[in-house]
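Structure first, then comments.
The values are calculated or read from the model by the stated rules, or taken from the named source; none is laboratory data. All figures in this text were calculated on a predicted structure; none of them were measured in a lab. All Cβ positions, even for glycine, are placed from backbone atoms using ideal geometry, and neighbour counts span all protein chains on display. We work out accessible area using only protein heavy atoms, side chains counted, and drop any ligands, DNA or RNA first. Shrake-Rupley method; radii C 1.70, N 1.55, O 1.52, S 1.80 Å.
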Amino acid sequence: MRPYSLFVIAALLTLSGATVGSAASPREEALRLAPPDAALVAVVQNAREHFQEMRTSPFTEWLPASQLGQQLLGKDGVKSFLENITPLCRELGTTPDEVIDEVLGDVVVFAYSPSDAAQQRDERAVFLIRPRKPETLQRIVERVNAIQLKSGELTTLTPRTQNGEPYFERKKATGTSDFYCFRGSVFAFSSTEADIQAVIDRDKLDQAVPELARRIKQLGLTDAAGIVLVNPRALDAEFAARITEAKPDERALLEKFREVWAATEYAAVYLTLDRDLEVGVAVHFDPDKMPAWSRGWLNGTKTPSAIWPAIPDRTLFAISGRCTAAEVLDLILALLPEEGKQALTGVLTDAVGPIIGKDKLPLVLKSLGPDWALWAEPPDGEATLPTIVAALRIGGTAAEGKTASKAILQGLEFGFQSIRVAYNGSHEDQIEILESEDGTTTITSLVNDKLFPAGCRPSFALKGGYLLLASNPDAIRRFTPPTAAPMAGGETTIARFSGTSTRQYLQVKGPKLAAFLSALGDGNEKDLTKFFTQLDAVLELVDSANVYVKGDASNLRIGMRVKLVKPLKK
């Protein structure tokens, strides 16, 4: 048996049963022994309770009937894994259920730091397990030692001490060693002796609340099933080396990102498992160190786009935000190198300016927004492609909005006429520009049934204070301008995806879509059809997914909450 067999079992079973829980004591017992300066600290907690809940959840009961479930649970999936893991557990005198319930069910921690040549420090790593029954883990460890000594993988098992406290060295036939100890209820394992000695030393420190546990609480992740804490300061040297090695254009962007990196005190990637599944990123900043260009984008409370109520429920996907075109332009200019700034400014001045009006361009950029959204609706009738819609609010005072709207419409009319003239001059089939009325709204469309796919008529209109661009005028007719002002604070949805609608669309239009994309040269039709079939199996599991953002002066959290077709928990 290989030296890391026990920990491979631990990792695999932990991933399969990772869970949400609120038992803070086991987590803090383990985290107080973990190195607080580690670059990455992975925490998996409360596997026992959630594993038990998932075994009898509506999702677990339904999964075997799904396409993906049949693949995962078949002979090449979970069934194969269990067939391999059960004999190994039997050899260790345990069972998978016992490992989850008595060994891994409370908390497992893995701390890691890469080597640092500047500080002449080698790679560091340590496993920490806080079992419900330490005696069970002690028995398994002793069994692993006995098997490996008998097989010759281990040559000696030597007790050692650090400041009078015991630990063990496992000398391997390869000439290397690994080390472990028990500190109270916590088991520690590492391939480096210094890390085990450091665990023993930290055990003697008085830590009312371990630093790593404090960070998890500050990030609002105490109930997360899995967390990977990131310590930016431990990665500063590696980041600096990356910047030094980067190409000039890339280096300029990385230098800007380093300003945010320097203000980031700690961050985490997390997973929570409740009735729904959620993954995300949480970051804690020092607001006083944040660069000026990033403030408002990364700091502060968030406000949802006012357009959300107007987006149809049947959409395949939708994204939205709240910012003006001028704010986006300022951000881009702040991130670009000097050459890039000059090029972009030149395009705006020399190309866009004459179309909009150079004197009106600043007002237009200021007035486009702050509310915007982009979404895709399932196609109607015989159309194959989804209908794409973009909506932007024209802001500012009434006078500013009127001036900006006129300039924008003139610019779009010029663009449509330019497309028409450029195409018609070299083609027998012609593009027509048609205008249709929707109440008091005039919708302008490009029409050419030979050039554009079925159901596609690029259109624009100004409706209820919103500029609308759509691949079909019917989407503009369906749009009802929102009137309610959005409320700031809390979770702000920035994107949503419908697995159900997308699956229905691919089932009906998938073959035609594959043929259409293949004709454009975007892949082989057979391969595309196979891909859509595989995607259908995945989408069968997903009802919807929402991406949200939440923040205050020093914290930012971006999460994706996935609602499966059946709840993960009753």
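The listed residues E491, E255 rank as E491, E255 when sorted by accessible area, largest first, using a 1.4 Å probe. The residues neighbouring I388, those whose beta-carbon lies less than 15 Å from its own, together hold a net charge of +1 under the Lys/Arg +1, Asp/Glu -1 convention.
Tell me the angle of helix 78-91 to the major Cα principal axis of the chain, expressed in degrees between 0 and 90 and rounded to the nearest ten. Between helix and principal axis, roughly 20 degrees. Take L40: with every protein chain present and a 1.4 Å probe, its accessible area is about 60 Å². Using θ = phi - 60° in the Karplus curve 6.51 cos²θ - 1.76 cosθ + 1.60, the 3J(HN,Hα) couplings for the stretch 197-212 round to 4, 5, 4, 4, 5, 5, 4, 8, 7, 8, 10, 4, 10, x, 4, 5 Hz; x is entered for Gly and Pro.
Along the axis of the charge dipole computed for the stretch 459-570 (Cβ charges of +1 for Lys and Arg, -1 for Asp and Glu, origin at the Cα centre), the listed residues S554, F532, A519 are led at the positive end by S554. Net charge dipole, the chain: roughly 680 debye, given to the nearest 20, about the Cα centre with Cβ charges of +1 for Lys and Arg and -1 for Asp and Glu.
For the stretch 309-320, putting each phi into the Karplus relation 6.51 cos²θ - 1.76 cosθ + 1.60 with θ = phi - 60° gives couplings of x, 8, 7, x, 5, 7, 4, 6, 8, 8, 10, 8 Hz, in residue order, rounded to whole numbers and with x for Gly and Pro.
Helix 248-263 axis versus longest C-alpha principal axis of the chain: approximately 60°, rounded to the nearest ten.
Working note: Cα gyration tensor of the chain, eigenvalues times five, square-rooted, sorted largest first, giving semi-axes of 54, 30, 22 Å.
Between E400 and A246, the modelled labels are 3.4 nm apart [label points 7 Å from Cα along Cα→Cβ].
Farthest toward the positive end of the dipole of the stretch 339-419, out of P362, A376, L409, is the Cα of P362, where the dipole comes from beta carbon charges about the Cα centre. In the full protein context, the stretch 170-306 carries 47 Å² of accessible surface per residue, based on a 1.4 Å probe and ignoring ligands, DNA and RNA. In the chain, the portion of solvent-accessible area held by carbon and sulfur atoms comes to 57 percent [1.4 Å probe, whole percent, DNA, RNA and ligands not counted]. Each residue of the stretch 356-430 gets 124 Å³ once the volume of the Cα convex hull is shared out per residue.
Checking the Cα-Cα distances for K172/K204; K360/K463; K463/K563 against a 23 Å cut-off, the pairs over it are K172/K204; K463/K563. Compute the long axis of helix 525-539 from its Cα atoms, compare it with the longest principal axis of the Cα atoms of the chain, and write down the angle in degrees, 0 to 90, nearest 10. Long axis of 525-539 versus the principal axis of the chain: about 60 degrees.
Of all lysines in the structure, the ones whose alpha carbon falls short of 19 Å from that of K247, not counting any fewer than 8 places away in one chain, are K256, K341. This model, with +1 at the C-beta of Lys and Arg and -1 at the C-beta of Asp and Glu, gives the stretch 368-465 a dipole about its Cα centre of some 420 debye. Each part reduced to its alpha carbon centroid, the stretch 24-76 and the stretch 130-191 end up 26 Å apart. Near E211, once Lys and Arg are set to +1 and Asp and Glu to -1 for all other residues with Cβ below 12 Å from its Cβ, the sum equals +2. Computed over neighbours whose Cβ is under 10 Å from that of E165, the net charge equals +1, Lys and Arg +1, Asp and Glu -1.
Straight-distance candidates among the aspartates and glutamates for linking to K366, with alpha-carbon spacing under 20 Å and chain neighbours fewer than 8 residues away dropped: E327, D330, D350, E400. Cross-link partners for K526 among the lysines, with Cα-Cα distance under 16 Å and sequence neighbours closer than 8 places in the same chain left out: K509, K512. Annotation: the antiparallel percentage among DSSP beta bridges lying fully within the stretch 200-345 is about 100.
Put the Cα centre of the stretch 298-343 next to the Cα centre of the stretch 536-555 and the gap is 18 Å. Within the stretch 268-341, the ratio Rg/Rh, alpha carbon atoms throughout and Rh by Kirkwood, equals 1.05. Note on the stretch 152-304: the C-alpha convex hull projects to 15.3 nm² when averaged across all orientations.
If the segment from W62 to R478 were pulled out straight at 0.36 nm per residue, it would be longer than the present Cα-Cα gap by 146.0 nm.
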